[in-house]
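Asker: Just dropping this structure here.
The values are calculated or read from the model by the stated rules, or taken from the named source; none is laboratory data. All figures in this text were calculated on a predicted structure; none of them were measured in a lab. Cβ atoms come from the backbone with ideal geometry, glycine included; neighbour counts cover every protein chain shown. The accessibility values were calculated without ligands, DNA or RNA, using every heavy atom of the protein model including side chains. Shrake-Rupley method; radii C 1.70, N 1.55, O 1.52, S 1.80 Å.
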Amino acid sequence: MLDRSNLTSEGQIDNFSGNFREESGRRWLDFRDNDKLKQGRITIEEFRAIYRIIAHREEIIEIFNAYSENRKILSEHNLVQFLTQEQYIVEMSKTIAFEIIQKYEPIEEVRKAHQMSFEGFTRYMNSSECLLFKNECRKVYQDMTHPLNDYFISSSHNTYLVSDQLVGPSDLWGYVSALVKGCRCLEIDCWDGAQNEPVVYHGYTLTSKLLFKTVIQAIHKYAFMTSDYPVVLSLENHCSPAQQEVMADNLQTTFGESLLSDMLDDFPDTLPSPEALKFKVLVKNKKIGTLKETRERKGSDKRGDNQDKETGVKKLSGVMLFKKKKVRKLKISLALSDLVIYTKAEKFRNFQHSRLYQQFNENNSIGETRARKLSKLRVHEFIFHTRKFITRIYPKATRADSSNFNPQEFWNIGCQMVALNFQTPGLPMDLQNGKFLDNGGSGYILKPHFLRDSKSDFNPSNIKESMPVTLTIRLISGIQLPLSHSSSNKGDTLVIIEVFGVPNDQMKQQTRVIKKNAFSPRWNETFTFIIHVPELALIRFVVESQGLIAGNEFLGQYTLPLLCMNKGYRRVPLLSRMGESLEPASLFVYVWYIR
């Protein structure tokens, strides 16, 4: 990229004595060739000439010429035709075309004539208005007044870890980065620490430790920076009752009024909505007694002399502290317990037990292995369960390297909190980030009606009734694709298009390899997909550099929900393995789908 700091007031560009090589390997652009005065610098006009060569895109010229009557200028009428026929702008008017011209046309006399030059058209095609992701999906547009169990909720596993699960560091950045990405459920493993200060780390491992209060302070600072909707603190609580009381104090002191510590009057026996819980922090932990008893104790002293000496837990009238057959200590602090309202952690036994006994404010955490088995053997019961109760799925313990499972299989059955290791890049996190681009990146996505409706008999593995979408994608070209890190690869690029959703919709297709051209490869290949459950489908574009010995090298990707895709000529921005923007690297596609 060119350093703009080298643009001088005299309209000169200095310090470009080196070479600029197009990655296609077809030609070299040498700034010295344009230094006609041999002064070690080029004029702004010479720079513009070089820029035009670099930015030249034949595919855009072809589109422009198809709608321009003289191949020089687009009239307002021509632009309306293009926007209607190619960009699928339904409520088209001359006003919209006029606004586009005023915004993107750089030549004043052309702009005043309500026309658009090729340069203006190119600017428009490269703008955010022509991205694949719909602008409407960039804001919160879904109904946010359903109960919490009706939403997919962006969730993180062992959020404090930024590396592996055994010896890696614990870091506040884990919480900060997750919240910035729109995560709404954070996990905090709490253990007794020195000087009566609870600590956060992966117990019985060599991972480093953080102070609980420091973690809470970091969460408080970033909790609502990306989203206004509630944050759930999922406590993996191993602390003694005494240090649990310290945790309760930390939570109340840090979050203040933001901490939900009582039922909302409008929701006495149902889960409230994300809208009703805006800017609220919810504690997910085990709980003693009922919500009614919690309210009755509000304002009373919950520590000190009235703790049971044997159990370390306060004596409660009307609460069974011990099982009849097997005496078991309930090591739960009443002060912390009373901060648990709508997110009471309850051990999952089986679906029948949940139907008979589970309360509306109780939710379950199920390991991926057991959840996968249940999703195959008892799929209808599983979906019935997730319609009523918030269900969290977490990675199996053997994933010591912090690897992730494919979250799609659990979204397909309505699991609300599919918790992933956010620090680990790869396909699962690409799907996670892509899915939660929707609804303004708020971290809450309303589940499809068939995963909410008690009368639905939806089964992701056996779709009986559907209104399939026929999706057609013409992959036209690539724009300044990322460089290969392999010294043996000369930019032999290909693109894979994948569909993730219910099992019958899972598929992928790929382009041919374009040899020695990562700068401006052109494929002009068309792919068609029949998607039976579009409401759950994600589309993933992956760019790779072909490697014959070591395998293909990942260059970039972009994932988004099918129903958030614009139609027409669109630009697909590429992201790195870590999810960072690789601008200006992108794909140029034409998208069309019908239902």
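Asker: Residue by residue, what Karplus-based ³J(HN,Hα) values in Hz, rounded to whole numbers, does the range 165-175 have, using 6.51, -1.76 and 1.60 with θ = phi - 60° and x for Gly and Pro?
Answerer: Along the range 165-175, the couplings run 9, 10, 10, x, x, 8, 8, 4, 4, x, 6 Hz.
Asker: May I ask you to list the residues of the range 92-109 whose amide nitrogen lies under 18 Å from a point 7 Å from Cα along the Cα→beta-carbon direction of residue 72?
Answerer: Within reach of a label on residue 72, which here means backbone N under 18 Å from a point 7 Å along Cα→Cβ, the range 92-109 contributes 106-109.
Asker: Here is a further query. What Kirkwood hydrodynamic radius, in Å, does the range 103-230 give when the mean of 1/r is taken over all pairs of distinct Cα atoms and then inverted?
Answerer: For the range 103-230, inverting the mean 1/r across all distinct Cα pairs yields 18.6 Å.
Asker: Just subtract the alpha-carbon distance of residue 167 and residue 265 from 0.36 nm times their residue separation and send over the number in nm, one decimal.
Answerer: 30.7 nm
Asker: Only helical DSSP H runs with n ≥ 4 go in: add -39500 (n - 2.57) per run for the chain, normalise by residue count and round the 222 nm mean residue ellipticity to 500 deg cm²/dmol.
Answerer: Counting only the DSSP helices, I get -6500 deg cm²/dmol.
Asker: Relative to the longest principal Cα axis of the chain, at what angle does helix 241-255 sit, 0 to 90 degrees, rounded to 10?
Answerer: So the helix axis and the longest Cα principal axis differ by about 40 degrees.
Asker: Something else about it: Determine, for each peptide in 333-343, 151-161, the mean count of other beta carbons within 10 angstrom over its residues, then list the peptides with the highest first.
Answerer: 151-161, 333-343
Asker: Cα-based Rg (one decimal) and Dmax (whole number) for the range 449-595, in Å?
Answerer: My reading of the Cα-based Rg and Dmax gives 16.9, 58 Å.
Asker: So, one more: By residue number, which cysteines of the chain lack any other Cys whose Cβ falls under 4.7 Å from their Cβ?
Answerer: 130, 183, 185, 190, 239, 415
Asker: Can you order the peptides 136-146, 515-525, 538-548 by their average number of other Cβ atoms within 10 Å per residue, highest first?
Answerer: 538-548, 515-525, 136-146
Asker: Using a 1.4 angstrom probe, figure out how much accessible area the chain has per residue, in square angstrom, rounded to the nearest whole.
Answerer: 47
Asker: Pairing the Cα long axis of helix 44-55 with the longest principal axis of the chain, what angle in degrees results, from 0 to 90 and rounded to the nearest 10?
Answerer: The two axes meet at around 70 degrees.
Asker: If I compute solvent accessible area with a 1.4 Å probe over the protein chains, what percent of it on the chain is carbon and sulfur? Please report the intermediate quantities before stating the final value.
Answerer: Numbers: 14320 of 28240 Å².
With neighbouring chains kept in place, the figure for the chain is 51 percent.
Asker: Compute the semi-axes of the equivalent ellipsoid of the chain, taking the square root of 5 times each eigenvalue of the Cα gyration tensor, and list them largest first in whole Å.
Answerer: Value: 52, 27, 23 Å, ordered largest first.
Asker: Name the shape class, rounded, prolate or oblate, that the alpha-carbon gyration tensor gives for the range 221-301, where a ≥ b ≥ c are the square roots of its eigenvalues, rounded holds for a/c under 1.5, and otherwise prolate holds if a/b is larger than b/c and oblate otherwise.
Answerer: Judged from the Cα gyration tensor, the range 221-301 comes out oblate (a/c at least 1.5, b/c at or above a/b).
Asker: Could you order the peptides 357-365, 279-287, 447-455 from most to least packed, using the average number of other C-beta atoms within 10 Å per residue?
Answerer: Output ranking for 357-365, 279-287, 447-455: 279-287, 357-365, 447-455.
Asker: Quick check: convex hull over the Cα atoms of the range 121-181, volume per residue in Å³, rounded to an integer? Please list the in-between numbers first.
Answerer: Details: hull volume 9.2 nm³, N = 61.
Expressed per residue, the convex hull around the Cα atoms of the range 121-181 is 151 Å³.
Asker: Over all distinct Cα pairs, what is the inverse of the mean 1/r for the range 517-568, reported as the Kirkwood hydrodynamic radius in Å? Don't jump to the answer; show the numbers that get you there.
Answerer: Numbers: mean 1/r = 0.0732 Å⁻¹.
That comes to 13.7 Å for the range 517-568.
Asker: Any idea what angle helix 368-377 forms with the longest principal axis of the chain, computed on alpha-carbon atoms, 0 to 90 degrees, nearest 10?
Answerer: Approximately 90 degrees, to the nearest ten.
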